[in-house]
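Only one structure is covered here, and it is reproduced in the block below.
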Amino acid sequence: MKSASMNTDVLVIGGGPAGLSAAIAARLKGFRVAVVETAHPPIDKSCGEGLMPEGVAGLRQLGIELRAEDGFAFRGLRFADERTSVEAKIEHGTGFGVRRTTLHRLLVERAAQVGVEFEWGARASVFRHGEIVAAGKRIAYRWLVGADGWNSAVQRWAGLVPRRAPHSRYGFRKHFAISPWSDSVEVHWRGSFQIYITPTTASEVCVSAISDDPALRVDGALACVPALAEKIVSAPPCSAERGGVTALRTLRRVTRENVALVGDASGTVDAVAGQGLALAVQQAICLADALERGELSSYDAAHREMMQTPVRMTRLLLWMGRNPRIRRRILRLLADRPRLFEKMLAIHTGAPAHTRAGAGELLGIAREMLRP
């Protein structure tokens, strides 16, 4: 992209995991693809760094096979509070803990391999129908993909605004040099916040704290869980702490004419659900299918269906976080009936038998958990 102008079939604004996944998926369909991104790789971001099985499978479909040296395969989920602990294994597939910078490097390498063009360190400053201006270059396109995150310029330009202003929460993340003590992602519930433990290598874990309090940091959250703090207290931190905003936010639609949104630009589920990365990869693949058909209405419908179960799961988990008494009751029930937790996890991770009926089944489980 050295000339003062260029033409491309698909122009992606945003070079994070969502944008790179969309670029790779479209390139594999035979489109010419270019990515414009304000930052330079590798791009880091505060996130729990756990990739659910459907995300791992989606990356494989894009030609990226996660290996042992890239991260840590996890096979379950554990919920715990002051009194109760319950664990379930993933029935179908394997999740993967992987540093955000490692995942970004793998996506950049794959995108370059398949022939995606890049404009790093460039901001799209002018939007017109059929072209943008970035870094002084005029770039004409057939399809425009907004993968530029929470404060998406493409979203605003296309008039694809969220349904309502979301209630935001705050997440902070830090890595510690300690061997994982479990092959499960752990969620520790305390008060109105959660601590996530995600193994990211054989000698490192990612600790994330998510709460309504912008002042709560990882060390402060750990101090509220003595048993967990005792495991980590002697482990040296191996990354600087990073923070960000998280929220449940949905859009009425994610396409308009020749513009489509993916990733956080297309709506978000709160980080408590752990589904952000997997959804971004799945959305990218669905969008490429729609581009191949030459229309975006099917992507709008697929996106809406894809978000149903994660949104309902997020609402359930946020509700548990806001109501400690009910949460304790639910965790006790799940400990007494572990098969119920296994079924809930199967829905959450998109196991084939649960994929279509997931949202309805989840409502049934929620009613069962609340039954006197």
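Side notes on the structure shown:
- Being touching a strand residue (DSSP E or B) at 6+ places or on another chain (Cβ under 9 Å), at negative phi and touching a residue at least 24 places away in the same chain (Cβ under 8 Å) is a condition met by no residue of region 350-357.
- If the condition is being of a type in the set (A, V, I, L, M), farther than 19 Å from MET320 by Cβ and buried (at least 24 other Cβ atoms within 10 Å of the Cβ), then region 261-287 contributes LEU261, VAL262, ALA265, LEU277, ALA278, LEU279, ALA280, VAL281, ALA284, LEU287.
- Among the residues of region 131-181, those that are of a type in the set (S, T, N, Q), out of contact with any helix residue (DSSP H, G or I) (no Cβ under 8 Å at 6 or more places or on another chain) and either at pLDDT below 95 or under 13 Å from VAL12 (Cα atoms) (or both) comprise ASN151, SER168.
- Residue within region 5-12 that is in contact (Cβ under 8 Å) with a residue 24 or more places away in the chain and either out of contact with any strand residue (DSSP E or B) (no Cβ under 6 Å at 6 or more places or on another chain) or assigned to a loop (DSSP other than H, G, I, E, B) (or both) present: no
- When region 287-340 is filtered for residues that are closer than 27 Å to GLY30 by Cα and either of a type in the set (A, V, I, L, M, F, W, C) or touching a His at 6+ places or on another chain (Cβ under 8 Å) (or both), the ones remaining, listed by number, are LEU287, ALA288, ALA290, LEU291, LEU296, ALA301, ALA302, MET306.
- Residue in region 15-24 that is modelled with pLDDT of 95 or more and assigned to a loop (DSSP other than H, G, I, E, B) present: yes
- On inspection, GLY15 fails the criterion of being touching a residue at least 12 places away in the same chain (Cβ under 8 Å), of a type outside the set (S, T, N, Q), within 24 Å of MET307 (Cβ to Cβ) and out of contact with any strand residue (DSSP E or B) (no Cβ under 7 Å at 6 or more places or on another chain).
- Scan of region 311-348 for residues that are within 15 Å of SER192 (Cα to Cα), over 20 Å from the mean Cα position of the chain (by Cα) and of a type in the set (D, E, K, R), ordered by number: ARG322, ARG325, ARG327, ARG328
- Of the criteria (1) crowded, with 21+ Cβ neighbours inside 10 Å; (2) touching a Ser or Thr at 6+ places or on another chain (Cβ under 9 Å); (3) within 29 Å of LEU345 (Cα to Cα), which one SER192 fails: (1)
- Among residues of region 118-151, those that are more than 25 Å from the chain's Cα centre (by Cα) and among the small types (Gly, Ala, Ser), counted: 6
- Every residue from region 273-312 that is free of Cβ contacts under 8 Å to residues at least 12 places away in the same chain, within 19 Å of GLY350 (Cβ to Cβ) and outside any helix (DSSP H, G or I): none
- Hits in region 229-257 - residues which are among the aliphatic types (A, V, I, L, M), assigned to a strand (DSSP E or B) and surrounded by fewer than 16 Cβ atoms within 10 Å (Cβ to Cβ): VAL245
- Boolean, ALA288 is under 24 Å from ALA158 (Cβ atoms) and at pLDDT 95 or above: yes
- ARG83 meets all of the listed conditions (1) surrounded by fewer than 22 Cβ atoms within 10 Å (Cβ to Cβ); (2) touching a helix residue (DSSP H, G or I) at 6+ places or on another chain (Cβ under 6 Å) but one, namely (2).
- Region 102-117, residues that are within 23 Å of the chain's Cα centre (by Cα) and surrounded by 15 or more Cβ atoms within 10 Å (Cβ to Cβ): THR102, LEU103, HIS104, ARG105, LEU106, LEU107, VAL108, ARG110, ALA111, VAL116
- Flag if VAL33 is more than 17 Å from the chain's Cα centre (by Cα), aliphatic (A, V, I, L, M) and modelled with pLDDT of 95 or more: yes
Conditions tested, residue by residue: (1) among the aliphatic types (A, V, I, L, M); (2) out of contact with any helix residue (DSSP H, G or I) (no Cβ under 8 Å at 6 or more places or on another chain).
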position	(1), (2)
ALA4	yes, yes
GLY14	no, no
GLY19	no, no
ILE24	yes, no
LEU28	yes, no
PHE31	no, no
THR38	no, yes
LYS45	no, no
GLU54	no, no
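The values are calculated or read from the model by the stated rules, or taken from the named source; none is laboratory data. These numbers were taken from a predicted model, which means no experiment stands behind them. Here the Cβ is made from the backbone with ideal geometry for all residues, glycine too, and neighbour counts use every protein chain on show.
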